[in-house]
Amino acid sequence: MPPRIEVAQDLGFCFGVSLAVSRAEQEARRGRGPVSTWGSLVHNRLVAEYLCSLGIQVASSLSDCLPGQTVILRSHGASPSERAALLALGCRIVDATCPRVAQIHKHVRLLEDEGRQVYLLGDAAHPEMIATAAHCHRPVIVENCESLREYFDLHPDQAARPSALLAQTTARRDIWENCVVFFKKLCTNSKIIDTICNTTLLRQSEASRMAARCGAMVVVGDPDSANTRGLADICRAGCRRVLFVEGAANWPSGWMKNQKNVGLTAGASTPPWVIEEVYRIMVEEIMNEATLAESPEPEKDPLPVSEAAPPPLEGDPPLEGGPPQEGNPPLEGNPSQEGDPSQDEDEVEESFEAMLEKSFRTIHTGDRVVGVVSAITSAEVHVDLGAKHAGYIPLTELSDDPDYKAEEMVRVGQEIEASVVRVNDVEGVIALSKRRLDSVNNWNDVEKARESHAVLSGIVLEENKGGVVVSVKGVRVFVPASLTGLPKDAPMSTLCKQRVKVVVTEVNRARRRVVGSIRAAQNEERRALADALWKDIEIGKKYEGTVKSLTSFGSFVDIGGVDGMVHVSELSWRRIKHPSEVVSVGQKINVYVIGFDPERKKISLGYKDPEENPWQKFINAFHVGDTANVRIVKLMPFGAFAEVIPGVDGLIHIGQITDRRIGKPGDVLTEGQQTDVKITAIDYEKKKISLSISALMGPSLPSEEAQARDAHLPDRVVAVASADDDDDDVDDVDDVDNVEDANDDDDDDDIIDAALDAPVAPVAPEATVAPAAEEGAEEVATAEEGDEESAAPVAEEGIEEGAEKVAKAKGSDEASLAGTTKKRKKLVP
């Protein structure tokens, strides 16, 4: 039975090598003058010979370059000093560095900027490692876990330093994993970045599986290629018979003899035509062996190479045919292989073409393809399609979502599906678009959301005269102004660039028209929140809400689907005129439930903290008879209000301001003045405090003016005045005859007699007027919208009412008291 050849699904040029070779071919076709590569473009001698045939030379040093010459940087990258030297020489640089390698260069620079020691796993003599090491100042390069352990044995103090571990793109996965385990255990402050190329990983995994099930393996590639050598090592670990061959010219004749199943793989730098040549050599040997076994006639030549084809792949059904032809006996041990030899050759040849098509497929515009992300740059995402062309997706073609970030949503090694936009055979690249492919799927999702009334999320893109446009999964949804959920006069521009929820109300795919409603989505959300809130609400429960509106009597707060009202008296412990003094519309505040009515759907909320109740603080700190230092906050005609502690005011009646009579409180006090007072009374029920300044003053002597005036009066008149001042009755006055002797005028005697015989109306004492004034003060304090102008009449009315009560109680009034006083003045000589 002839051997079967199993070809790896992923082999040949990787994305980075394909990109480098394509750019070199493009520069050669442009004909802008001499073109050189800075070192070998890739590690493959046959590729170098091919590029040399295009006129591209290899520059090993600056002496090989000329000013103005085009220099292509190899896929392994170049050091910053080499770039600078080429630019200084005047060379035109074409960067063909593999995107994965360029990403490693960026990593090591950032890691060193963080103060970390960089450790690199790979071959120190490899061009990629040399270029990578040049992008940092003090890298440590190790080949395997043993060398890493030896380094830390020699430098044990380095384990405590911040560090980072990276790998060459072609490093073996098993060696990397061993190093990672050791590095994690030893270095506590470390960063580990897996920089092994995903293509290399896939090929190594596939080679390991093939080597386990095949009796022999063929690895095609240049011996100087690190990734090809790695494939060979992996195959040797799972298979006894492994052939590492550079190309068809190095093929050992007769190697396929006596083989059963043979696997074929190739390194990332091996060109497709070299793999095809090796494959044809293998098929030729199989067919020659089969021909010799079938034909005993020496004069019959074996099949030519052009007609040779491989046997069926592993897993293919055996070929079926008619009875054996004369001169063409069946293969030994393979009775099913019968019939026309030319028919068998055609079938084998078709199998070969199918295998090549599978390995090097042709991609056309409009195809839907699935690839693996190999690199992410600032402008595009590189995709390995497993084809001879390299694929890329511009960032603008990733998504219609303006908030879409490639570095967060796409990662290297991830499979991605896209649509082919353009195939550029000249440059060897394929332009892809994920956005266009998603657009078709997103329209289906929008139509389903319309049927199910589902709520979708999107970004407001722009404002127009009729509403706003929202991007929902890449589909433009128009939301009329009346359905935006904004107040009537609010500008719609406030929604721009905001993420909102939308309910789709109309879809017309033929006209590509979609209409939605933000307000409907808000109503759905509020309805769900309200249902949940009414189930769990209880008095005292706290919520975080948003102030929706302000009125003169309070503010309305949204606590999650339901609006509650905070009365103005519940906003602050101090007296305020309007809620705007404490909160503003849109402000986030913490409130608690005071009461609620589920039937009327009303909730009463509180905002001020009960633990900060100033009245409670006052009664805990002060008692009647205590002295306090207060601040005058308001002057009224009947007295002054003073702040005892923040949030608690007391009244100093005008009669308690000083020990002498004054016209108004402003004669003695000013607003903002600090003074000591005595607490004379506390009404715990009404929460009122009476204060006194005069209570802190000692008993006062008559003023000098009063003493001078009384010195000219007879003893009898002085006694009357004293009696009047002391609020005593006239009956207490003695020796009225002394007054009569003081004046011989009969008319004056009559006046004096009438004055002395009449009952004297004493001046209302301060203690009697104070309650009436306090009653007027209470009316002022309870006036929610009162000010000084409106409060003064109320206070004066209280004083007049108190004075009137005193006058009636004593049988006199202010007019009679004034008349009596005038008569007394006439007695003064």
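Overview of results
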read-out: Every residue from segment 107-123 that is closer than 18 Å to ALA375 by Cβ, open to solvent by 20 Å² or more (accessible area, probe 1.4 Å) and touching a His at 6+ places or on another chain (Cβ under 8 Å); value: ARG109
read-out: Leading residue by the ranking (surrounded by the most Cβ atoms within 10 Å (Cβ to Cβ)) among those in segment 162-175 that are modelled with pLDDT of 90 or more and touching a strand residue (DSSP E or B) at 6+ places or on another chain (Cβ under 6 Å); value: LEU165
read-out: Given (1) farther than 26 Å from SER374 by Cβ; (2) under 37 Å from the mean Cα position of the chain (by Cα), index of the condition SER53 fails; value: (2)
read-out: Lone qualifier among SER580, SER549 - being surrounded by fewer than 17 Cβ atoms within 10 Å (Cβ to Cβ), modelled with pLDDT of 85 or more and part of a helix (DSSP H, G or I); value: SER580
read-out: Tally of residues being among the hydrophobic types (A, V, I, L, M, F, W, C) and over 12 Å from ILE603 (Cβ atoms) across segment 551-566; value: 1
read-out: Close pairs from segment 616-643: first loosely packed, with under 12 Cβ neighbours inside 10 Å, partner in a strand (DSSP E or B) and of a type in the set (Gly, Ala, Ser), Cβ under 7 Å, at least 6 apart; value: VAL624/ALA681
read-out: Matching strands (runs of 3 or more DSSP E) fully within segment 64-147 where at least 2 residues are within 16 Å of ALA20 (Cβ to Cβ) and more than 40 Å from the chain's Cα centre (by Cα); value: 70-73
read-out: Residue list for segment 465-482, filter: open to solvent by 40 Å² or more (accessible area, probe 1.4 Å) and within 18 Å of ASN508 (Cβ to Cβ); value: LYS473, ARG476, PHE478
read-out: Of all residues making up segment 181-191, the number that are in a helix (DSSP H, G or I) and open to solvent by less than 20 Å² (accessible area, probe 1.4 Å); value: 1
read-out: Qualifying residue in segment 560-576 (condition: in contact with a helix residue (DSSP H, G or I) (Cβ under 6 Å, 6 or more places away or on another chain), open to solvent by 70 Å² or more (accessible area, probe 1.4 Å) and over 16 Å from ILE539 (Cβ atoms)); value: yes
read-out: Selection count where residues are surrounded by fewer than 24 Cβ atoms within 10 Å (Cβ to Cβ) and of a type in the set (S, T, N, Q), scope segment 226-265; value: 5
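Rundown of residues vs (1) farther than 18 Å from SER572 by Cβ; (2) within 59 Å of the chain's Cα centre (by Cα); (3) of a type in the set (Val, Ile, Thr), yes/no style:
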{"position": "ILE632", "(1), (2), (3)": "yes, yes, yes"}
{"position": "LEU635", "(1), (2), (3)": "yes, yes, no"}
{"position": "LEU651", "(1), (2), (3)": "yes, yes, no"}
{"position": "GLN656", "(1), (2), (3)": "yes, no, no"}
{"position": "ASP667", "(1), (2), (3)": "yes, no, no"}
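Each row is one residue, and each column tells you yes or no for (1) in contact with a His (Cβ under 6 Å, 6 or more places away or on another chain); (2) within 26 Å of THR228 (Cα to Cα); (3) among the basic types (Lys, Arg); (4) in contact (Cβ under 8 Å) with a residue 12 or more places away in the chain.
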| position | (1), (2), (3), (4) |
| --- | --- |
| THR170 | no, yes, no, yes |
| ARG173 | no, yes, yes, yes |
| GLU177 | no, yes, no, no |
| PHE183 | no, no, no, yes |
| ASN189 | no, no, no, yes |
| ASP194 | no, yes, no, yes |
| THR200 | no, yes, no, yes |
| GLU206 | no, yes, no, yes |
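The values are calculated or read from the model by the stated rules, or taken from the named source; none is laboratory data. As the structure is a prediction and not an experimental result, all values here were calculated from the model. Please note: Cβ atoms are built from the backbone with ideal geometry, for glycine as well, and neighbour counts cover all protein chains shown. Calculation scope for accessible area: heavy atoms of the full protein, side chains included, ligands and nucleic acids excluded. Shrake-Rupley method; radii C 1.70, N 1.55, O 1.52, S 1.80 Å.
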